[in-house]
1. Under the condition of being of a type outside the set (S, T, Y) and without any contact (Cβ under 8 Å) to a residue 40 or more places away in the chain, which residue from the stretch 238-250 is farthest from S208 (Cα to Cα)?
2. Quick one: how many residues across the stretch 100-119 are without any contact (Cβ under 8 Å) to a residue 24 or more places away in the chain and either in a strand (DSSP E or B) or of a type in the set (D, E) (or both)?
3. Going through the stretch 219-237 one residue at a time, which ones are surrounded by fewer than 22 Cβ atoms within 10 Å (Cβ to Cβ) and among the hydrophobic types (A, V, I, L, M, F, W, C)?
4. Can you spot a residue in the stretch 350-358 that is open to solvent by less than 20 Å² (accessible area, probe 1.4 Å), in contact (Cβ under 8 Å) with a residue 12 or more places away in the chain and assigned to a helix (DSSP H, G or I)?
5. Restricting attention to the stretch 413-432, and to residues there that are within 21 Å of L294 (Cα to Cα) and out of contact with any Leu (no Cβ under 7 Å at 6 or more places or on another chain), which single residue is most open to solvent (accessible area, probe 1.4 Å)?
6. Go over the candidates W154, W185 one by one and state the one that is in contact with a Cys (Cβ under 8 Å, 6 or more places away or on another chain), touching a residue at least 40 places away in the same chain (Cβ under 8 Å) and open to solvent by 10 Å² or more (accessible area, probe 1.4 Å).
7. Determine which single condition E259 fails, assuming it passes every other condition in (1) open to solvent by 70 Å² or more (accessible area, probe 1.4 Å); (2) closer than 30 Å to I222 by Cβ; (3) touching a Lys or Arg at 6+ places or on another chain (Cβ under 9 Å).
8. Given the condition in contact with a Ser or Thr (Cβ under 6 Å, 6 or more places away or on another chain), open to solvent by 10 Å² or more (accessible area, probe 1.4 Å) and assigned to a helix (DSSP H, G or I), answer yes or no: does some residue in the stretch 168-181 qualify?
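The values are calculated or read from the model by the stated rules, or taken from the named source; none is laboratory data. This is a predicted model, so every value here is computed, not measured. Don't worry about glycine lacking a Cβ; one is built from the backbone with ideal geometry, like all the others, and counts go over all protein chains shown. Areas reflect the complete protein model, heavy atoms only, side chains present, ligands, DNA and RNA absent. Shrake-Rupley method; radii C 1.70, N 1.55, O 1.52, S 1.80 Å.
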Amino acid sequence: MKTTFPEEFFFLPLGQIQAKLRAKEFKVKELTEAWAGRLDQFGPRYNSLAHSLRKPALKAAKSHDKDFSRERFRSPLHGIPYGAKDLLSYAGHPTEWGAPQYKGQVFREHARVIAKLEGAGANCIGKLAMVELAGGGGYRFPNASSTGPGLNPWDPTRWAGGSSSGSGAAVAAGLVPFAIGSETWGSILTPAAYCGVTGLRPTYGLVSRSGAMALSWTMDKIGPLCRTAEDCGLVLQVIAGGDSDDPGSAGKSFYYTPEYVRPFSVLRLGWSPADLEAVADPAARQAFADATKLFLQMGFQVREVELPDLPYRTVASTIIGCEMASIFEPLVANGTIDQLVDKNQAAGIVAATGYKATDYLKALRIRRLIQDAMAKLFSTVDVLLSPSRPGVATRIDEPLDRAAAPDGSAKRGLKDLGAAGNLAGLPALSLPCGFAQNLPLGLSLVGRPFEENLLLAIGKQFQSQTDWHRRRPPLPA
């Protein structure tokens, strides 16, 4: 008799799905069929599916069922489906980077992240949509993708967030139990916040980028988008590790052990009231304040802090622009850059080829100052708390390059923490923290390099006291 999965099943955390598999409530093949069918059916509704991998996933499921019948369990992810951002190669199937120029592109080998997941028994059921070339060059509208604008499951007139828009939307809508995204400057935290899911940006170098499209060699990072902080820890344990094929690899592994984190009473949490009083959108301030209050009541030693006055955004955009220009120079040289959907983005990549070596070297020198400043800040705190994004998801017809209104605050707060954290290669965890205008909001925890367990332990505690991560959007009719 065929197993029927109720709607709420598709929003369970990974541990509960795995427990049901081990209890033999259903087979891996049945689970895979259900998830793959759901992704194939609803993925196009949100422009979140780039390519279905239903056939190879069902083939792999048969092998996994043999393992389960013999009580051979590879990992907590064994038998569980997932989706991967389309900048990660999947052997023998299209990997098109969201861009028309690369339609039909196929690689011979899996990206290292996918190879690790498949080796742990996870089962990729689809490549998930992304902003073309991961947003390199700067795009003006969310439709900068060969698959169309990433639509938010909470409101399809809103953006899912870039450039891992497909990953965020697919997890939020229950189309995959978890997804792999990437971040150079905000592309995990933004879709996590906009779609109401949990997203982890690992420390730079902790997860191999071998087999992934490069945008910025010194800033690209790969990480999970999941339902919970605990799920992020389970996935990171599989995908982390050293890799000689990635020159930026830190050569470190990761084991999810939140139980060994120091007591919260000896930890120092830094935050800035200016983030809530001036930087955050007015409609979101109360929700952010309520969620922040919960963190401040967890027993931490609380300190008000702000970032030093440094050109974080200028340095980040210069470094990304210079490295991106080198990577995509062939597209400019042969004229195919004009095939990009977003013409502003094409012009941005062309313009980036005009950077001088002195521009890049100056940016690198200032980046060193920023890294030193962040290290100094983290000598006074153990973790920073700040909104992942100042407000809710933007409309899909709204320009993304519109000038921000001045906030009128004399204090900097932590509003540039996205740029600063990525420049310093710091880990960050975005957690659903409430709603404004019936749309999700996210708060981020940022820590020292390789202190993911600390962020995950705090996130797990927060999610044990709240239910924002359990909320789910309605599926389309």
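1. Initial filter on the stretch 238-250 (of a type outside the set (S, T, Y)): 238-243, 245-248, 250.
From what's left, without any contact (Cβ under 8 Å) to a residue 40 or more places away in the chain: 240, 242, 247.
Working: A240: 7, G242: 7, P247: 9 Å.
Among those residues, the one meeting the criterion is P247.
2. The qualifying residues number 1.
3. Answer for the stretch 219-237, where residues must be surrounded by fewer than 22 Cβ atoms within 10 Å (Cβ to Cβ) and among the hydrophobic types (A, V, I, L, M, F, W, C): just M219.
4. yes
5. Filtering the stretch 413-432 for residues that are within 21 Å of L294 (Cα to Cα) and out of contact with any Leu (no Cβ under 7 Å at 6 or more places or on another chain), the one most open to solvent (accessible area, probe 1.4 Å) comes out as K415.
6. One residue alone meets the criteria, W154.
7. Result: E259 passes all but (3).
8. Checked the stretch 168-181: no residue is in contact with a Ser or Thr (Cβ under 6 Å, 6 or more places away or on another chain), open to solvent by 10 Å² or more (accessible area, probe 1.4 Å) and assigned to a helix (DSSP H, G or I).
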